[in-house]
Amino acid sequence: LNVIHECLKLRLEQRPAGDPSLLSIKQLVRECKEVLKGGLLMKQYYQFMLRGLATDAQGWQTNANIDEFEEDLHKMLVVYFEYMRSWIRMLQQLPQASHSLKNLLEEEWHFTKVITPYIRGGEAQSGELFCNIAGMLLESTGEFLDAGLQKSGNKFWESADDSTALDEIRRSVIETSRSLKELFYEARERASKALGFAKMLRKDLEVAAVFSITSGVTCLLEALKKGNYVKVQIPGLEELQVFVPCGLMDQRPLILQLLNAAAGKDCSKEPDEIAEYEAYLLMSKHGAGDSTTGSDWAQWDGKLLKLVPQMETVDTLRAMKVENLLLIVMQSAHLVSQRKAFQQSMEDVLTLSREQTSSQPLIASALEDLKNKALQLCLKIDQAIDQVEFMFTSEFEAEMEESESATLNQYYREAMIQGYNFAFEYHKEVVRLMSGEFRQRIGERYIAFARKWMTYVLTKCESGRGTKPRWATQGFDFLQAIEPAFISALPEEDFLSLQALMNECIGHVIGKPHSPVTGLYIAPRNSPRPVKVPAPVRCHSDPPNPNLFIPNAEGFRGSNFHENDRLSSVAAELHFKSLSRHSSPTEEREEPSYPKGDPNGAARRSWELRTFISQSKDMAARQSPMEAVRRSIRKFEDKRYAVMKQRNIIGQVCHTPKSYDNVMHVGLRKVTFKWQRGNKIGEGQYGKVYTCINVDTGELMAMKEIRFQPNDHKTIKETADELKIFEGIKHPNLVRYFGVELHREEMYIFMEYCDEGTLEEVSRLGLQEHVIRLYSKQITIAINVLHEHGIVHRDIKGANIFLTSSGLIKLGDFGCSVKLRNNTHTMPGEVNSTLGTAAYMAPEVITRAKGEGHGRAADIWSLGCVLIEMVTGKRPWHEYEHNFQIMYKVGMGHKPPIPEKLSTEGKDFLGHCLESEPKRRWTASMLLDHTFVKVCTDEE
């Protein structure tokens, strides 16, 4: 205990004097948490060891000896809270603050719930702190919205004066609309994360309801006795009045957990048989509810139960200020049902004051402030939408052509719809945060905003065309989500006006169809029921057919009504389809040869229709439907192939055997899985790279396609031999090789897919030195692994170094690599071919070292060039346009300039890489011992 106490004191004394930076505060928070966990563990162990050695009286005296330890533990908790508040405030100032803020808060809140029940006064302080943080997040969201609107508005008004040309106005409107949509999106993310955290706090903290004692303590005690309640006596807490239902008298662990919940302890992680049990306790103190003393509560003559809770629970309950009578449950989900049941049984002596709140007044007050700030953000969002509407409306009042105004209005509507969608989502979520009086207030805001949106739609949006447009989906969902309690609170006049506005808005948004045939119903004369004409899918050239003739029932007297209706429907459908498929505005349609007045016309048409249907049935009976489909497809394909052969688009299959099988025996690992090629993601000197999906497993891979001349056995063999060397190498910093698939004119190489792009892409603006050190270490490790296996890469550059989402650097693209005959010696003349990219080539590669060739040292020169690229964001020799210029400079003995902003260690590392003499150039294993790459990763 003394050792941990000294550790606490040391941490408190070494606290930084000023506010820590964002980079260091995370480490400080981590250290605080470690000290708090260690201190609590030691405190519990100390109390456990002394509990069996001392009597009750001695135990109280022994626990008094750790008061100083408790005080320092509480001080460390306060320091942790201050760091948390500063950390969140710093994160809010970042542009994309919404990305990881909620996960961070949830993690810290779960940690706080575990430790604070064992620190005196910690529960109330932690609940208040995190409620304040959630309120601060909502406030900062409103400030972020105001600042973004002001910035966008200033730019808009500066570019939208009277002298501005129309093109400038158009550009200004488009840019402003885009920035406003981004603003609403980020504000939506921030508000969503803050509200999600606030709802989690409400769920964990609001486990109590408050009742006012209206008939006096004596009447309350009589009612409790009549209801068969049991009074719980706690030693040392005689002023605290606790009652539980009689059914809990034999379940002491459950009552102890209810007392822990009253003290602020999280009971959600208790065993299921306890945590899921729906029970409650009643709690009050002397003088709560009236001006009487404890003598009134002492009149209880009912059942009694004596319990001894944990010491931390007793300390918390002793310090609690209980107003009136509290009903407390273990989980907030149980509160509504338990509160209603208790309220019905005690409605004569008690009145409900608060539906849902915390058992501790400090936390209850913080929760009220949080809900007020959530309501204030509703007003902020409402005002933001008004500002956007005023901004664009005032601009469109200027003289402008109708077509141009319509185009710009479309951008304006997109921004407004984004803002309204943000407001819809926020209002629906904030309703779930409220209770009691706050729920009534949010109900008024909810209906007011629904009216606002419907008014905007009626005045600013065009009427629909018979279907619900996509942009109105969230608005209609918002209207459907209005709770009945909100509507029932409206006066009759307001309800009728809201109903009329809804009907008008729905009619305006959906509108009427432009085509008269959509959903058309025609009732023939003397027909027993209407005949539905299906609406066909017409081409743009198909005009409506208002003179559609449908036979009536008189022509079908020989059959029953159902058959007549069915045939008339089929006739109408066939006739209508013939018009829609084979007609155009310029064609003359053939009219029926039967005169309309002919009484036998309908009968003749009926007879022809019956004949057509019977012939179709006979034909279908003679052959299988699928067989007819297959025969038609074969005829169509044969005709298509004949035309393509005639035009020399395709050839024909040659059955002459070729000596191709010998080429396939190259000894490479063949792929055994089914795959499907995706999009092209890169192209280099030696082939193209595509994404590829393993159909069997769903794994995403990269596939490199290398093309060569047909029957070029030498090239195939050389490429296969070069790839063969990578089959047995597996390393985290090397791109993994899966296998190869060989065809007549191309070879497919399947490799690991790196999802975060290349080092060349992320280095375009230059990287910070701590990132450069980390990447340089991983690249050097990868080069060292290759060299230990006797492999020279020969094409190391930023475009061939890949990043993964896990933060690893992987060296890939081994199309130029070669296997050395001697793995034990590093010699300059190990390779005699010139391959690679000129800007990264070593001098001996360009000069061919007077015929001696080059070796593994060439990769080290390329490593130095990659380091320059990471520092400057540009490849070496970027000022030269042609490769011959670069090769001339390097061949004459020049080196790329070393960046000035690189540290001394970095310059020294780079100097060892860019030695003109390959024999003096450091090897990869030597570079790994350099201080520049002595960095620790997160995994280490």
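Please work out which one of (1) more than 28 Å from Ser435 (Cα to Cα); (2) surrounded by 17 or more Cβ atoms within 10 Å (Cβ to Cβ) is the condition Thr218 fails and give its number.
Unmet for Thr218, out of (1) more than 28 Å from Ser435 (Cα to Cα); (2) surrounded by 17 or more Cβ atoms within 10 Å (Cβ to Cβ): (2).
Given the conditions (1) in a strand (DSSP E or B); (2) assigned by TED's automatic domain parsing to the domain that holds Met841; (3) aliphatic (A, V, I, L, M), and given that Val740 satisfies all but one, which numbered condition is not satisfied?
Checking Val740 against (1) in a strand (DSSP E or B); (2) assigned by TED's automatic domain parsing to the domain that holds Met841; (3) aliphatic (A, V, I, L, M), the one that fails is (2).
Has segment 42-52 got any residue that is modelled with pLDDT of 75 or more and closer than 14 Å to Tyr83 by Cα?
No.
With respect to Leu317, is the statement that it is surrounded by 14 or more Cβ atoms within 10 Å (Cβ to Cβ), hydrophobic (A, V, I, L, M, F, W, C) and more than 30 Å from Gln150 (Cβ to Cβ) true?
yes
Do we find that Val217 is in the same structural domain as Val349 (by TED's automatic domain parsing) and part of a strand (DSSP E or B) in this structure?
no
Step by step: first the residues of segment 385-433, then only those that are hydroxyl-bearing (Ser, Thr, Tyr) and either under 12 Å from Arg170 (Cβ atoms) or modelled with pLDDT under 90 (or both), then the one that is surrounded by the most Cβ atoms within 10 Å (Cβ to Cβ). Which residue is that?
Residue satisfying both the conditions and the ranking: Tyr412.
Just one of (1) within 28 Å of Met311 (Cα to Cα); (2) at pLDDT below 90; (3) in a helix (DSSP H, G or I) trips up Glu238, so point out which.
That leaves (3) as the condition not met.
Hey, any hits in segment 649-660 for a residue that's in contact with a helix residue (DSSP H, G or I) (Cβ under 6 Å, 6 or more places away or on another chain), surrounded by 12 or more Cβ atoms within 10 Å (Cβ to Cβ) and at pLDDT below 85?
The answer is no, given that none of the residues of segment 649-660 is in contact with a helix residue (DSSP H, G or I) (Cβ under 6 Å, 6 or more places away or on another chain), surrounded by 12 or more Cβ atoms within 10 Å (Cβ to Cβ) and at pLDDT below 85.
Regarding Glu504, is this residue in a helix (DSSP H, G or I), acidic (Asp, Glu) and either under 31 Å from the mean Cα position of the chain (by Cα) or loosely packed, with under 15 Cβ neighbours inside 10 Å (or both)?
Answer is yes for this residue.
One line per residue, one yes/no per condition, for (1) modelled with pLDDT under 90; (2) farther than 15 Å from Asn503 by Cα; (3) exposed (fewer than 13 other Cβ atoms within 10 Å of the Cβ); (4) among the polar types (S, T, N, Q):
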{"site": "Ser435", "(1), (2), (3), (4)": "yes, yes, no, yes"}
{"site": "Arg439", "(1), (2), (3), (4)": "yes, yes, no, no"}
{"site": "Arg445", "(1), (2), (3), (4)": "no, yes, no, no"}
{"site": "Arg451", "(1), (2), (3), (4)": "no, no, no, no"}
{"site": "Tyr456", "(1), (2), (3), (4)": "no, no, no, no"}
{"site": "Cys461", "(1), (2), (3), (4)": "yes, yes, no, no"}
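Scan segment 68-77 and tell me whether some residue there is within 30 Å of Gln387 (Cα to Cα) and at pLDDT 85 or above.
For segment 68-77, residues within 30 Å of Gln387 (Cα to Cα) and at pLDDT 85 or above: absent.
Which one is nearest to the chain's Cα centre (by Cα), of the residues in segment 425-468 that are more than 25 Å from Ala194 (Cα to Cα) and assigned to a loop (DSSP other than H, G, I, E, B)?
Filtering first and then ranking leaves Lys468.
Tell me the residue from Lys225, Lys231 that is of a type in the set (Lys, Arg), assigned by TED's automatic domain parsing to the domain that holds Asn324 and in a helix (DSSP H, G or I), please.
Checking each option against the conditions leaves just Lys225.
Can you tell me which residue within segment 105-130, out of those that are buried (at least 18 other Cβ atoms within 10 Å of the Cβ) and under 24 Å from the mean Cα position of the chain (by Cα), is farthest from Val314 (Cα to Cα)?
Leu105
Among Leu180, Leu254, which is aliphatic (A, V, I, L, M), farther than 30 Å from Gln125 by Cβ and in a helix (DSSP H, G or I)?
Leu180
Would you please name the residue that is modelled with the highest pLDDT, looking only at residues in segment 789-834 that are within 36 Å of the chain's Cα centre (by Cα) and on the phi > 0 side of the Ramachandran plot?
Gly807
Consider Cys865 against the criteria (1) at pLDDT 85 or above; (2) within 18 Å of His787 (Cα to Cα): it satisfies all of them except one. Which criterion is unmet?
Unmet condition: (2).
The values are calculated or read from the model by the stated rules, or taken from the named source; none is laboratory data. For clarity, every value in this text was computed on a predicted model and none was experimentally measured. FYI the Cβ positions are ideal-geometry reconstructions off the backbone, even for glycines, and counts take in every protein chain you see.
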